[in-house]
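Visitor: One structure, as structure tokens, below. Some questions next.
The values are calculated or read from the model by the stated rules, or taken from the named source; none is laboratory data. All figures in this text were calculated on a predicted structure; none of them were measured in a lab. Reconstructed Cβ throughout: ideal geometry from the backbone, glycine too, with neighbour counts over all protein chains shown.
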């Protein structure tokens, strides 16, 4: 494992569509004492309110939801392809039922206050929450969007300022 180096978010060379949609990420929130992580492939990166931001979506039924609600921020950890099976495990198993760290062998890093990430990540975005908002199905303009919500468990959108960007 290479040590992560801090860079400015504007120095990122990754394609955000591949990074999030194809490579996936772990959204993690909590503290050293209690945290949870989940795999996600929905979100984005950009500029809002004159800040470099990341935005992610978490369903209220996910175990990570309670952690991100209580936290001041969250992290996004991105991995090399060799970690795909570990991300699949974190996306298909609940932290309510299994200890994802034990089952995957990923190494949580606690070297920043209120930011848990994974040492094996090739890229980490540390985010401070700026905004949270529930998706409102009455505002969906494309009726096909409803197909994603058979259980009516509409995501909450979180927008976070990227306060640190760490890469290998």
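Visitor: Write out, first by first residue and then by second, each pair whose Cβ atoms fall under 8 Å of each other, whose residues are 6+ apart or on separate chains, and whose first residue, in the range 146-159, is more than 21 Å from residue 127 (Cβ to Cβ) while the second is surrounded by 14 or more Cβ atoms within 10 Å (Cβ to Cβ).
Guide: These pairs meet every condition: 146/140; 153/59; 154/59; 154/135.
Visitor: Follow-up question, since we're still on this one. If I ask for residues that are surrounded by fewer than 17 Cβ atoms within 10 Å (Cβ to Cβ), assigned to a strand (DSSP E or B) and touching a helix residue (DSSP H, G or I) at 6+ places or on another chain (Cβ under 9 Å), which ones from the range 152-168 would you list?
Guide: Those that are surrounded by fewer than 17 Cβ atoms within 10 Å (Cβ to Cβ), assigned to a strand (DSSP E or B) and touching a helix residue (DSSP H, G or I) at 6+ places or on another chain (Cβ under 9 Å): none in the range 152-168.
Visitor: Which is exposed (fewer than 15 other Cβ atoms within 10 Å of the Cβ) and either within 11 Å of the chain's Cα centre (by Cα) or closer than 24 Å to residue 152 by Cα (or both), of 92, 72?
Guide: 92
Visitor: Taking the range 55-77, which residues are part of a strand (DSSP E or B), touching a residue at least 60 places away in the same chain (Cβ under 8 Å) and touching a helix residue (DSSP H, G or I) at 6+ places or on another chain (Cβ under 9 Å)?
Guide: 56, 58, 74
Visitor: Can I ask one more? Which count do you get for residues in the range 78-89 that are touching a residue at least 40 places away in the same chain (Cβ under 8 Å) and either surrounded by 19 or more Cβ atoms within 10 Å (Cβ to Cβ) or in a loop (DSSP other than H, G, I, E, B) (or both)?
Guide: Qualifying residue count, the range 78-89: 4.
Visitor: Next question, about the same structure. For residues in the range 28-44 being over 9 Å from the mean Cα position of the chain (by Cα) and part of a strand (DSSP E or B), which is nearest to residue 125 (Cα to Cα)?
Guide: 44
Visitor: Kindly provide the set of residues from the range 105-151 that are part of a loop (DSSP other than H, G, I, E, B), in contact with a strand residue (DSSP E or B) (Cβ under 9 Å, 6 or more places away or on another chain) and modelled with pLDDT under 95, ordered by number.
Guide: Selection gives 114 alone.
Visitor: Here's a follow-up. Would you point out which residue out of 39, 10 is loosely packed, with under 14 Cβ neighbours inside 10 Å and touching a strand residue (DSSP E or B) at 6+ places or on another chain (Cβ under 9 Å)?
Guide: That would be 10, the only listed residue that is loosely packed, with under 14 Cβ neighbours inside 10 Å and touching a strand residue (DSSP E or B) at 6+ places or on another chain (Cβ under 9 Å).
Visitor: Cβ-Cβ distance below 7 Å, separation of 6 or more or different chains: which pairs start in the range 1-28 with a residue that is at positive phi and end on one that is part of a strand (DSSP E or B) and at pLDDT 95 or above?
Guide: Going by the 7 Å Cβ cut-off, the qualifying pairs are 24/39; 24/40.
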